[in-house]
Amino acid sequence: MKQSHHFHFPHHRREALITSRRFRLLTACLVSLLAVAVYWVYREAQACCVVQGAIYNEWQRVGGAGGILGSATSDELATRCNNGRYNDFQRGVITWRSDIGAHYIYGNIHIKWGELGHSCSNLGLPLTGEEGTPNGKGRYNHFQRGSIFWSSGTGAKVILGAIRSKWTNLGREGGFLGFPTTDELGTACGGGRYNHFQGGSIYWHSNIGAYSVKNGPIRDKWIALRYECGSLGFPTSDEYSIPYGRRGNFQGGVLTWCAATNQVTTGSVACANPSPPPPPPPPPPPPPPPPPSAPPPPPSPSPSPPRPPTGTAPVIRPGDPNSSPSSEPVPDTQPPSAPGNLTAKLESDGSVVTLSWEAATDESSGIRKYVLERSLDQAKWEVLDEEITDLSYTDKTTDFNVRYFYRLKAVDNAGNVSPDATAEVSTGSFTANVSDQSGNVIQSEDGYISVDIPQGAVSKDASCSVVADEQNKQQINAPDLELVTGPYSIVCKLSNGDPVDRFDIPVTVTVNLSKNQLGKFERFQVYQYDADSSSWSPAGGEFNKKTKTYGLSLDRPTNLAVLGAAKKNHLGLVLSILVPLVLLVGGVFFYRLRQMQRQQYNDYLRRKYYNL
């Protein structure tokens, strides 16, 4: 029995070492399997989105993954009707066909196109990318057999065939009809088609063609007679002018509106000339002179003159020393004081002038408005605004290299005009910072915003800048987000001072955030100001976690603001959960390992000494 003590401890250490090695080998195998699985998932995710050829070029032209479309979400595939190829992206699609080329669709126009059946719809494939309307109030895509037009007030609507041709001949959205307010729809009677617009309607029938019905009394009368389902039927002409009125032709008759009566009648009636107003009556003859009379008797002595009513200031009529006080109120003829401290400040772009002043005073009736005038030689003056109620004014109609003179006067509620307050300023020299070469990059003073202007985006003699817009902050409605930096105003001007309203090619904007901002915020989002709706909305783009920058694409100069969600300190919560969990798992692991070691040791003793 003494020999048992010589082999007890060494064999116990050896069995424990074997168990530890087996555990490490098992752990290594599990980690290797997990790594292989992650690699294959990543490989499949990368291989799922192949963008190439003309579609790739169009994608890069509009900003790539940081542009308006975002990242690709599908391989290049054949369209459902096998009439082209396409790639899906986060916020749109690019289609291609050899005879059409590659064109992108995104946003509300893409949603409308999808509702109609994509390339299998009546529209077919797009013939253009999304473009802005000439009046700057809407967007559109042309397709093989029609168009989709969008504006903030009407949404995205479809126009096809002869109705689209008629609308184009009438000036499209710039004419009296404006933007479409409905898709092209079938009429309730007669088998025709129609679109309603902001300023009227266009109706089409295969036997007649397409004609417009303008908003107004004639259209109201036609609607009251049940549109094309009534006795008049479809329109057979546009509304046209007649002497002293308007007229529209229909299948079943004619509607005539006369200016003299402001009434619409059925039939080709002639409108009477509105009678001129009667001449004013002649003035009455002057009254005959009064007969001579005796001189008035001398006034009787009076103890005291009559007193005026209480609360009314007595008025002494000038030039009449014997006149007594009257109850008439004193008219306000005193002009107000001149506006104080009128200053003209030149903004950073060198041409915009901001004027500010101190309020004028008037103790009698109060100040009603200010009138601002401008001159080049102080001899000929032009009125800039005659209804100013604020204490500042921004003059954006200036040119470069010009000296301007300003004069400002106050007008009180009685119409009295104050003396002039004057100021003068010279605008800066125009320096083009955009050449005909690519790679023109402009930055904000703080370095947070960089704008890459490609060749052809603006005229080569344009001047672009990124300036802070703290003075004109707008309320940004973004729940759970805070302002990180901005707002910034991206401005481009030509040499004559005219602003650039739209980029011919989208420009790329990069937001370079500081370490402090990255440490305080997450879920970054860039918001863009829409002047038409006077509101802020997300501008698209995405945050690049690798470069720590936010990229987006813009099609026009605008105002931008960077927002983000404030990071919450989850360290305490994580530690309160993780530490007990690690201790629990570690305790269970070591307890189980100790049990295995003891069991192996007992088995060894049984085999060695007891032959069990």
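The values are calculated or read from the model by the stated rules, or taken from the named source; none is laboratory data. Keep in mind that this is a model prediction, so the values were computed, not measured. All Cβ positions, glycine included, derive from the backbone under ideal geometry; neighbour counts span all protein chains shown. SASA here: full protein model, heavy atoms, side chains in, ligands and nucleic acids out. Shrake-Rupley method; radii C 1.70, N 1.55, O 1.52, S 1.80 Å.
Structure notes:
- Candidate set from the range 479-517 (those that are of a type in the set (Lys, Arg) and not in a loop (DSSP other than H, G, I, E, B)); member that is surrounded by the fewest Cβ atoms within 10 Å (Cβ to Cβ): Lys515
- Checking each residue in the range 182-235 for being among the β-branched types (Val, Ile, Thr), under 38 Å from the mean Cα position of the chain (by Cα) and surrounded by fewer than 19 Cβ atoms within 10 Å (Cβ to Cβ) picks out Thr182, Thr187, Ile223.
- Every residue from the range 545-560 that is part of a loop (DSSP other than H, G, I, E, B) and under 11 Å from Leu513 (Cα atoms): Thr547, Lys548
- Residue count, the range 518-528 (criterion: farther than 18 Å from Ala478 by Cα and either among the hydrophobic types (A, V, I, L, M, F, W, C) or buried (at least 17 other Cβ atoms within 10 Å of the Cβ) (or both)): 1
- Of the residues making up the range 77-108, those that are among the charged types (D, E, K, R) and either without any contact (Cβ under 8 Å) to a residue 12 or more places away in the chain or in contact with a helix residue (DSSP H, G or I) (Cβ under 6 Å, 6 or more places away or on another chain) (or both) number 2.
- When Gly171, Gly153 are screened for being open to solvent by 30 Å² or more (accessible area, probe 1.4 Å), over 22 Å from Tyr86 (Cβ atoms) and free of Cβ contacts under 8 Å to residues at least 12 places away in the same chain, only Gly171 passes.
- The range 383-405, residues that are open to solvent by 30 Å² or more (accessible area, probe 1.4 Å), within 17 Å of Ala344 (Cα to Cα) and either outside any strand (DSSP E or B) or without any contact (Cβ under 8 Å) to a residue 24 or more places away in the chain (or both): Val383, Leu384, Asp385, Asp390, Leu391, Lys396, Thr397, Asp399, Asn401, Val402
- Of all residues in the range 51-72, those satisfying the criterion of being surrounded by 14 or more Cβ atoms within 10 Å (Cβ to Cβ) and assigned to a loop (DSSP other than H, G, I, E, B) are Val51, Val62, Gly63, Gly67, Ile68, Leu69, Gly70, Ser71.
- Any chance Leu408 is at pLDDT 85 or above and either open to solvent by 40 Å² or more (accessible area, probe 1.4 Å) or under 26 Å from Tyr527 (Cβ atoms) (or both): no
- Index of the failed condition, Ser444 passing every other in (1) out of contact with any Phe, Trp or Tyr (no Cβ under 9 Å at 6 or more places or on another chain); (2) modelled with pLDDT under 85; (3) more than 27 Å from Pro335 (Cβ to Cβ): (1)
- Contact annotation: residue pairs with Cβ atoms under 6 Å, 6 or more positions apart or on different chains, pairing a residue in the range 118-145 that is over 20 Å from Ala162 (Cα atoms) with a partner that is exposed (fewer than 15 other Cβ atoms within 10 Å of the Cβ) and of a type in the set (Asp, Glu), are Gly136/Asp501.
- Qualifying residue in the range 529-541 (condition: open to solvent by less than 20 Å² (accessible area, probe 1.4 Å) and at pLDDT 85 or above): no
- Residue match in the range 82-104 (condition: closer than 22 Å to Asp501 by Cβ, open to solvent by less than 60 Å² (accessible area, probe 1.4 Å) and either at pLDDT 90 or above or touching a strand residue (DSSP E or B) at 6+ places or on another chain (Cβ under 8 Å) (or both)): yes
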